[in-house]
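Asks: Dropping the structure in here first, questions after.
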Amino acid sequence: MNRGILAGTAVAVVVALATGCTPDGSGPGTDQGKDKGKGTVSQAPTTSSPSASATPSPSASASATSDDKPSSPTPSASATTGKPKREYLMGDGDESAQVRELQARLRQLGFFDRAPTGFYGTLTTASVKRFQARRGLPETGSVDETTWRTLLSVTRKPTAEELKPSTTNKLDAPDPRCMTGRVMCISKETRTLAWMIDGKVVSSMDVRFGSENTPTREGLFKVEWKAREWTSTIYHTPMPYAMFFSRGQAVHYSRDFAARGYAGASHGCVNVRDKAKLSALFDQVKVGDKVVVYW
């Protein structure tokens, strides 16, 4: 046992360390077994640091290989340049503030289920086609004047939060157990963590969970102990800003999640990929605060 752990949390630490927790989804493993770990343990919150919003930025190379080309009206050649003349306002491969607004307006209607990125790729093309089909317009997948005017007429101007949401994933409706007190409200369905105080969302972030073989436990828990710096001796990987809540399972920052997204999984812990947001949350959360993990 790390002798730096304060006496007041000795019992909780012994329980947590007896089961272990893996920090990153870099390979197969299990949450069972001893994980004494090493690092510094924090008992009380310090002054929080500003939270940074994370807006995904698409890869140009990825879009070139994975995005299907939208079906658009056959362009005519320009008499002056010889280049095809576009007959639409926005389409596949475009990246602009107007595309971000398009995505936000489509999201208002339920046709776009991601955070706006400003990049027009496969998902946006499919969303536009669904909207066009619903409104009886030609299903081109690109936005012409008629499509844009129709969309403007049935939506409102997006707010700053709608254009650049605090999470990539849309927040779930809070579990009833999250509506009182101080609680990390963690939804497996939407893969989000909402830090709530007396029923109000203070901050939120995307999260990742354990695999089918090593699932993240569900239920009502409390923060047993905290460690600003911690390293798993089972997997030999760092677990910054760890907040342990269930026999070794913890909310913590994951470099693997930040790098690979949902291509990986943890071995039971709740991974966070936004380090700045989690740092601010770590400073606010106190030992004893509630943790709710639910579907």
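Coordinate-derived values only; no laboratory data. This one's a predicted model, so the numbers in the text were calculated from it and none came from an experiment. Neighbour counts run over all protein chains shown; Cβ positions are idealised from the backbone, glycine included.
Asks: Treating cross-link reach as a plain straight distance, find the aspartates and glutamates whose alpha-carbon is under 13 Å from the alpha-carbon of K286, omitting any fewer than eight places away in the same chain.
Replies: Answer for K286, where 13 Å is the Cα cut-off: E224, listed by chain and number.
Asks: Continuing with the same structure: Show me 181-193, 226-238, 209-221 ranked by packing, highest mean number of other Cβ atoms within 10 Å first. Numbers along the way, then the final one.
Replies: On the way: 181-193: 20.0, 226-238: 18.5, 209-221: 16.3.
Highest to lowest by the protection proxy: 181-193, 226-238, 209-221.
Asks: Could you work out how much longer the chain between A259 and V201 gets when fully extended? Use 0.36 nm per residue separation minus the Cα distance between them, nm to one decimal.
Replies: Numbers: separation 58, 0.36 × 58 = 20.88 nm, distance 2.67 nm.
Full extension of this stretch gives 18.2 nm more.
Asks: Using Cα-Cα distances under 8 Å and only pairs 6 or more residues apart, what relative contact order does region 108-174 have, in percent?
Replies: 41
Asks: Next question. Of K129/K200; K157/K226; K170/K222; K157/K222, which pairs sit farther than 31 Å apart, going by alpha carbon to alpha carbon?
Replies: Distance filter (> 31 Å) returns K129/K200; K157/K226; K157/K222.
Asks: Figure the gain on full extension for T159 and E139 (residue separation times 0.36 nm, minus the Cα-Cα span) and round it to one decimal in nm.
Replies: Value of the extension gain: 4.4 nm.
Asks: On to the next question. Stretch K275-L89 to full length: gain in nm at 0.36 nm per residue minus the Cα-Cα span?
Replies: On the way: separation 186, 0.36 × 186 = 66.96 nm, distance 3.71 nm.
So the chain would gain 63.2 nm between K275 and L89.
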